Amino acid sequence: MAIQQQPIPVYLICGFLDAGKTNFIAPMLSNEEFTQDERTLLLITEEGEEEYDPQALTYYNVTCHVIEDKADFNRQNLFQLQKKVRPTQIVIEYNGMWLLQELEEAFPPQWALYQIVTLIEAPTFDSYAKNMASLMMEKLRNADMLIFNRVTDQLADQLRQRNLKMVNRRAEMYLEYADGDRVEDYDNGLCPFDLSKPVLELSDDEFGFWYTDCMDNMERYQGKKVKFRGMVAKSPKFPRGTFAAGRFAMVCCAQDTTFLGMLCSGPEVKSLKNREWVEITGQVELQRLPIFQGEEGPVVRTLEVKPTQPPQEELVYF
């Protein structure tokens, strides 16, 4: 029998053991909008405590197949499954200990990765982030949707303080509370700073949070005066008359260190040196520049730039 030629959408559900993958997938498969007129292949690559209802799978035309041995998750075996089941869509409950980068080698040519959802058990997030940093960060960075479950009010505050938008700005992020009654956007839309003061003076600990919030919600800072300490970075790639000032930030481990540089413009640019620490007072303006790929972006027009000492802790941590 000939194999269909159109791409087969793949929904990849990631997370470590007991992250709630099965409880997330089961309602998907019993949703008629998702399964109607579809032939769904459900691939399970690790079995936890929760199980799927066999009758529900049959009713919604879902074929379930378990592959627990990583060596068996390969292109040849998956292609044989495709020929046998002839799915129109595929849902994969993906083992949290397996790398996402290995999918490209394992997928048959017709399989098209449509969406990656990463589920994280909030109470164990810090432990996994510290002890399995590369595995955790890979799942966070590549996700189209991030869901932190079993959240409490205290954990919600801690997660927001980490400002995980630094890891993945494009993903939808949600907090699902342990009481089962509340689901909130990770970014609750509230400004994390008091903008009623004439000048927003940022402490060293606040710079990283302000940087990401300014990049994501630049309109709220348009015209606002700010004061912060940062390291100078100069590059021929920057627009003429501008430099960047900011901090190196580490989300989880050394491999995740990156420079958060806010573009600044002012007459002092010629006298500044790379990696020099300065205290900047300026006003945020939105400008359309090539460095922003033709879109508007925030630029701090400097009012005062003074040399200063590095902060006690030069890295920003999330």
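The values are calculated or read from the model by the stated rules, or taken from the named source; none is laboratory data. Everything numeric in this text was worked out from a predicted model, so none of it was measured. Positions of Cβ are backbone-derived with ideal geometry, glycine not excepted, and every protein chain shown enters the neighbour counts. Protein only, heavy atoms only, side chains kept; ligands, DNA and RNA dropped before computing areas. Shrake-Rupley method; radii C 1.70, N 1.55, O 1.52, S 1.80 Å.
Listing for the model above:
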{"read-out": "Residues within the range 96-151 that are polar (S, T, N, Q) and without any contact (Cβ under 8 Å) to a residue 12 or more places away in the chain, tallied", "value": "2"}
{"read-out": "Any hit, the range 158-168, residues being modelled with pLDDT of 90 or more, of a type outside the set (Asp, Glu) and out of contact with any Lys or Arg (no Cβ under 9 Å at 6 or more places or on another chain)", "value": "no"}
{"read-out": "Index of the failed condition, LYS270 passing every other in (1) open to solvent by less than 60 Å² (accessible area, probe 1.4 Å); (2) not in a strand (DSSP E or B)", "value": "(1)"}
{"read-out": "Cβ-Cβ under 7 Å pairs, at least 6 apart or on other chains, the range 289-302 side on the phi < 0 side of the Ramachandran plot, far side of a type in the set (Asp, Glu) and outside any strand (DSSP E or B)", "value": "THR302/GLU268"}
{"read-out": "Output for the range 255-303, where each listed residue is more than 12 Å from GLY241 (Cβ to Cβ) and charged (D, E, K, R)", "value": "ASP256, LYS273, ARG275, GLU276, GLU279, GLU285, ARG288, GLU295, GLU296"}
{"read-out": "Qualifying residue in the range 128-148 (condition: more than 14 Å from the chain's Cα centre (by Cα) and at pLDDT 90 or above)", "value": "no"}
{"read-out": "THR281 vs. criteria open to solvent by 20 Å² or more (accessible area, probe 1.4 Å), in contact (Cβ under 8 Å) with a residue 60 or more places away in the chain and among the β-branched types (Val, Ile, Thr)", "value": "yes"}
{"read-out": "Hits in the range 191-203 (condition: modelled with pLDDT of 90 or more and surrounded by 16 or more Cβ atoms within 10 Å (Cβ to Cβ))", "value": "LEU200, LEU202"}
{"read-out": "Which listed residue is over 24 Å from LEU99 (Cα atoms) and touching a helix residue (DSSP H, G or I) at 6+ places or on another chain (Cβ under 9 Å), from LEU43, LEU57, LEU78", "value": "LEU57"}
{"read-out": "Residue check, THR118 within 19 Å of THR22 (Cα to Cα) and modelled with pLDDT under 95", "value": "no"}
{"read-out": "Whichever residue in the range 35-61 is within 28 Å of the chain's Cα centre (by Cα) and open to solvent by 40 Å² or more (accessible area, probe 1.4 Å) and, among such residues, is farthest from ILE116 (Cα to Cα)", "value": "GLU49"}
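Quick grid of which residues meet (1) open to solvent by 40 Å² or more (accessible area, probe 1.4 Å); (2) within 25 Å of the chain's Cα centre (by Cα); (3) more than 16 Å from LEU202 (Cβ to Cβ); (4) modelled with pLDDT of 90 or more:
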| site | (1), (2), (3), (4) |
| --- | --- |
| LYS224 | no, no, no, yes |
| PHE243 | no, no, yes, yes |
| ASP256 | no, yes, yes, no |
| GLY266 | no, no, yes, yes |
| VAL305 | no, no, no, yes |
| PRO311 | no, no, no, yes |
